[in-house]
Amino acid sequence: MKFLLILSVAIGLIPAPVEYSPKTCHGSLKKAVAQLEPWQQQEAYRLTISKNRVKIEALTPEGEFRAQKTLEQLRALGELPLGTIFDYPRLRHRGLMIDESRSFKGMDFLKKQMDAMALLKLNVLHLHLDDSAGWRIESEAYPDLTAKTAFRKGYTYHEWEAGNYRFTTADDPEGYGGYYTKEDLKELVAYAAERFITIIPEIEMPGHSMEVGYAYPEVLCQHPNGRLHTGAWDLCPGNEATFRLLETVLGEVMDIFPSPFIHIGGDEATMKTWSQCVNCRKRMEEGGMTDVKELQGYLVRRIEAFVRSHGRRIIGWDEILETGVPEGAVVQSWRGVEGGRKASALGYDYIMSPNSHCYYNYYQDLIRKEPKAVGELVSLRFTYGYEPLEEGMEPEHLLGVQANLWTELIPTPEHAEYMLYPRLFALAETAWSPASAKEYKGFRKRARALLDVFRTRGYRTFDMDTESDLARSGLQRFPPEGEPIPLDD
Ligand code: ACM
Ligand code: ZN
């Protein structure tokens, strides 16, 4: 085992393969993968490189595709080692989330990132398609979602915030924004499918939804004096109009996206207006609820049932654990790893994307040398060191890992790529390669070489050669609450 391990990291591939042997291996692939899970068999492949021939063995077109990407990467690295690579994934959900609401990057950007994902054997693109800063997906039934909120005053998120959250229309030359038409999204789905990537759409609810209330005030909470709570960030869970809108939009979303999973957000609802709303109060009374928090559980359960009735499963951010998770729902841990631990203990499927390790909108190096980012230091080394399966956690319920790129502070495609590469290489290896094969020094060398390939292909990446000693050390600075993050090491 150890022997194979050392050899496997000796070739330049990211993610590192399960096995590399300089000898040619014979025998049936079917037999070699017999003990693996069906989803692993589906992606397994064997690539044999001899002096004048390359042979790919796989049980499915997906396996064959993974092998081709291995070959493509080795060729791009200028390295075609003689011998046999035998490979299959460790985890089935290997994801990247891109926030298209706070800044809108568009078709070419997403396609380019899917090319990168395919090269890294990532297979889930989670699109955060709406948030208070803009709705980005065409709806036939609710056309004002895009007509009224896909464009805003303020190029950056913070300009928009400083200007008091004003929206505008597509014809405003000073407006910023955009959205995907259904045709665009079908094109993206097809592009993803060719690369064996599933696009998981996220329709955020009930928090982070100011734009929905702006376009359709009927989903807002209503004060006993008749006034609507305009400007609220939450939808009203007491109101049938809210469910009509959400279910109709989700129906449209499910028509476009074949994904077995539909993300419904669920994070950070402020719940501020709920206690003062006639409809929320009525809903609570009828349901025997005593805490406004239970309204979130009510909404999640109802939406889950709707999504399930269409043969899909919901994913929700880990807040959904606080109000009773419906059976079959998937929990996505983001506030550290706690949500994953709890979901595992309760027997739910879970995805790990802890902000401590997998938020690539966080600093990757010292504050003074980096563009403004978010709080903690998530260096290449630190994110590489992430092990999603802690002792005591249920491996069969761990669907996978995911990097998240929130874009409040990332206004351009170039900046987004700078935050993603090389850190996404680390995530890919965590997701695909055997945990026992991970070793940072070797990975860093491979990442450095692959980064050159990415640059040649037009990605604007972070420069590993300028990494500070602190980032290289892999230390993570978690200053005590309230204390500023050190500017230097
Ligand atoms: C999140 O980062 N609010 C899921
Ligand atoms: Zn309400």
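Key figures for this structure:
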| item | result |
| --- | --- |
| Pairs, first without any contact (Cβ under 8 Å) to a residue 40 or more places away in the chain and within 24 Å of Val249 (Cβ to Cβ) in region 157-184, second of a type in the set (S, T, N, Q) and assigned to a loop (DSSP other than H, G, I, E, B), C-beta under 7 Å, six or more apart | Gly175/Thr169 |
| Matching residues in region 23-59 - criterion: being out of contact with any Lys or Arg (no Cβ under 9 Å at 6 or more places or on another chain) and basic (Lys, Arg) | Lys23, Lys30, Lys31, Lys51, Arg53 |
| Single match in Gly385, Gly340, Gly375 (criterion: touching a Lys or Arg at 6+ places or on another chain (Cβ under 9 Å) and among the small types (Gly, Ala, Ser)) | Gly385 |
| Ala449 vs. criteria in contact with a Gly (Cβ under 8 Å, 6 or more places away or on another chain), open to solvent by 40 Å² or more (accessible area, probe 1.4 Å) and within 23 Å of Lys369 (Cα to Cα) | yes |
| Every pair of residues 6+ apart whose Cβ atoms lie under 6 Å, when the first sits in region 210-228 and is open to solvent by 10 Å² or more (accessible area, probe 1.4 Å) while the second is of a type in the set (Ser, Thr, Tyr) and away from ligand 1 (no atom under 16 Å from the Cβ) | Tyr214/Thr149 |
| Number of positions in region 275-327 that are within 15 Å of ligand 2 (Cβ to nearest atom), without any contact (Cβ under 8 Å) to a residue 24 or more places away in the chain and of a type in the set (S, T, N, Q) | 1 |
| Matching residues, region 62-107, being more than 16 Å from Ala193 (Cα to Cα) and part of a strand (DSSP E or B) | Gly83, Thr84, Ile85, Phe86, Asp87, Met97, Ile98, Asp99 |
| Every residue from region 59-115 that is modelled with pLDDT under 95 and either closer than 20 Å to Asp130 by Cβ or touching a Phe, Trp or Tyr at 6+ places or on another chain (Cβ under 9 Å) (or both) | Pro81 |
| Subset tally (residues that are in contact (Cβ under 8 Å) with a residue 40 or more places away in the chain and part of a helix (DSSP H, G or I)) for region 142-156 | 5 |
| Close pairs (7 angstrom Cβ cut-off, 6 or more residues apart or separate chains): modelled with pLDDT under 90 in region 365-377, part of a loop (DSSP other than H, G, I, E, B) and open to solvent by less than 30 Å² (accessible area, probe 1.4 Å) anywhere | Leu366/Ser468 |
| Output for region 407-416, where each listed residue is out of contact with any helix residue (DSSP H, G or I) (no Cβ under 6 Å at 6 or more places or on another chain) and either surrounded by fewer than 22 Cβ atoms within 10 Å (Cβ to Cβ) or of a type in the set (Lys, Arg) (or both) | Leu409, Pro411, Thr412, Glu414, His415 |
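The values are calculated or read from the model by the stated rules, or taken from the named source; none is laboratory data. Quick caveat, the model's predicted, so the values are computed rather than measured. Note: ideal-geometry Cβ built from the backbone for every residue, glycine included; neighbour counts use all protein chains shown. Note: areas computed on protein heavy atoms with side chains; ligands, DNA, RNA excluded. Shrake-Rupley method; radii C 1.70, N 1.55, O 1.52, S 1.80 Å.
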